[in-house]
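Right, one structure below, let's go through it.
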Amino acid sequence: MTDTSITRIIGRRVWDSRGRPTVEADITLANGKMGRAIAPAGASTGSGEAVDLRDGGEKFGGYDVTRAVANVNGEIADAMRGVDAADQTTLDTKLIALDGTPNKSRLGANAILAVSMAAAHAAAAAAQLPLYRYLGAAAATLMPLPQIQIFGGGAHAGRRVDIQDFLICCPAAKNFSEALDWTAEVYRAAGSLMKDAGKLAGVADEGGWWPMFETNEEALEMLVRAITRAGFKPRDQIAIALDVAASEFGTSGRYKLGLENRDLSSDEMIRMLIAWIDRYPIISIEDPLAEDDAAGFAAFTREVGHKIQIVGDDFLVSDATRLREAAKIGAANTVLLKPNQRGTLTELKACWDAARENNYAGIVSARSGETEDTTIIHLAVAWGVGQFKSAALPAANAWRNGTKLCALRKPSAPAPALPAPPCSAIRPRVFVT
Ligand code: PGA
Ligand code: ZN
């Protein structure tokens with residue numbers, strides 16, 4: 001019963017929340033236990049990310065994954081047979097070597113990640129433990145503070161507004177479940193305010209309200225009104241987190257805000273964001289500047305990094321080396337952690353370890369194309385990351401799973417030592433229910 005070597009891998013095509021194909025992998029072990037995982041997909045990807053293998057051509061807009069699935073069933077299955085699923089590092093190292101490219105483009109990061117995560121699930125099943133407990137052992141007691149989308153934008157809403165995510169974060173909620181309750185009320189209030197204003201026009205890719213705004217700032221005003229309408233104190237109880245996703249509209253130090261027909265320098269972009277921070281209860285900004293604007297990131301962090309969280313997504317692409325480089329120049333103070341930006345759990349963990357060494361906080365994040373796979377919420381708890389970002393409530397399966405994790409927790413679980421916060425705004429809470 002204890003033989004955790006891989007006997008069988010099956011890959012298949014499934015569908016993500018955008019209606020695009022993606023890769024699912026099943027792994028069976030010699031002891032009969034099984035693990036399953038599905039690769040997610042982003043729309044606003046950083047250029048330094050591991051690359052999915054897509055078929056191209058006409059079918060499904062070129063997004064089909066028959067080649068990636070064939071790689072799981074063929075080359076990867078052949079190479080992984082006999083490998084110990086309980087030895088994630090060796091397994092992932094073999095996957096990386098088998099692919100042979102720096103960005104996993106030959107076999108596909110979608111194929112490789114599905115296998116890497118399925119192996120962890122199989123090993124957890126063999127240990128008869130939930131994944132978070134298997135990966136994190138007794139230290140896995142910190143539920144993350146969630147960041148949840150209310151309005152979508154950018155690449156997720158036909159670029160109707162420039163800013164990609166308008167999210168909320170509930171630093172005063174006493175636990176994960178309460179944070180979800182509060183968020184659900186704000187989401188509902190935002191929907192009815194949009195309706196009253198004649199601006200209700202459905203939802204964006206991640207389930208956040210479609211942003212029928214004349215300016216980017218109008219979304220911030222509406223969000224504050226929604227927090228108040230729902231009966232909460234903006235900032236003290238519920239604060240705003242933004243994902244500017246600036247690489248989508250900025251490069252070489254120029255930023256083109258299409259909605260407002262403005263063309264800003266890096267410094268003007270920084271001034272605009274600082275004005276927003278002064279006017280609105282914003283406590284976290286992701287990718288405030290483009291991935292090629294490390295100097296802008298460093299300047300912005302020098303100015304406001306002591307009071308708000310500055311998150312690198314496209315800028316850091318969950319990469320340990322990039323994080324160390326950013327730390328040398330003081331760019332950003334928090335890393336977004338997305339498994340498919342690297343393609344293996346081992347590389348993602350290495351990035352989180354580098355973040356801790358450099359006193360960066362972390363946020364485990366979903367992609368805009370998700371599935372029923374809930375691995376990410378387990379990673380957030382297993383590694384004690386402290387924060388979690390995902391789609392709006394109607395679209396985010398991992399939230400529901402997170403609530404279940406809360407329910408699983410024993411009331412007597414010991415509180416873990418919290419990572420030192422890099423800025424005063426966000427203090428991960430010990431969400432031990
Ligand atoms: P993506 O969006 O999955 O489309 O990249 C999420 C994000 O930018 O954080
Ligand atoms: Zn982002």
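Read-outs: derived from the displayed coordinates by stated rules, not from any lab. Fair warning: this is a prediction, and the values are worked out from it, not measured in the lab. All Cβ positions, glycine included, derive from the backbone under ideal geometry; neighbour counts span all protein chains shown.
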Below 8 Å, C-alpha to C-alpha, sequence gap of six or more: please give me the relative contact order for the chain in percent. 19 percent
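Among 220-228, 78-86, 284-292, what's the highest-first ranking by average C-beta atoms within 10 angstrom per residue? Provide the component values of the computation, followed by the final result.
Numbers: 220-228: 20.3, 78-86: 16.9, 284-292: 25.3.
My ranking of the peptides, most packed first, is 284-292, 220-228, 78-86.
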I need the shape label for the stretch 106-191. Rule: rounded when a/c is under 1.5, else prolate if a/b > b/c, else oblate, with a, b, c from the alpha carbon gyration tensor. oblate
If each K or R counts +1 and each D or E counts -1, the residues other than K195 whose Cβ falls under 15 Å of its Cβ total +3
Calculated diffusion of the chain, Stokes-Einstein form, Kirkwood radius summed over Cα pairs, 37 °C and 0.692 mPa s, µm²/s: 151 µm²/s
Highest-first arrangement of 378-385, 336-343, where packing means the average Cβ count within 10 Å: 336-343, 378-385
Taking the chain as the reference, fit the longest principal axis to its C-alpha atoms, fit the long axis of helix 266-279 to the helix C-alpha atoms, and give the angle between the two in degrees, 0 to 90, nearest 10. 70 degrees
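How many lysine pairs in the stretch 88-244, separated by 8 or more positions in sequence or lying on different chains, have Cα atoms less than 28 Å apart? All intermediate terms of the calculation are to be shown ahead of the outcome.
On the way: K94/K104; K174/K233; K195/K233; K199/K233.
The number of close lysine pairs in the stretch 88-244 is 4.
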Measure of compaction for the stretch 1-54 (Cα Rg per 2.2 N^0.38 Å): 1.46
Quick one: grab the alpha carbon gyration tensor of the stretch 1-141, order the square roots of its eigenvalues as a ≥ b ≥ c, and give me rounded if a/c is under 1.5, else prolate or oblate depending on whether a/b is larger than b/c. prolate
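How large is the charge dipole for the chain, taken about the Cα centre, if only the Cβ atoms of Lys, Arg (+1) and Asp, Glu (-1) carry charge, to the nearest 20 debye? List each step's numbers first, then the result.
On the way: 47 positive and 51 negative charges, 230 e Å.
Approximately 1100 debye in magnitude.
Pick out, in residue order, every one of the GluC sites (Glu not before Pro) in the stretch 36-143 that is DSSP loop and has at most 16 other C-beta atoms within 10 Å; say none if there are none. Mind showing how you got there, number by number?
On the way: sites: E49, E58, E75; in loops: E49, E58.
Answer by residue number: E58.
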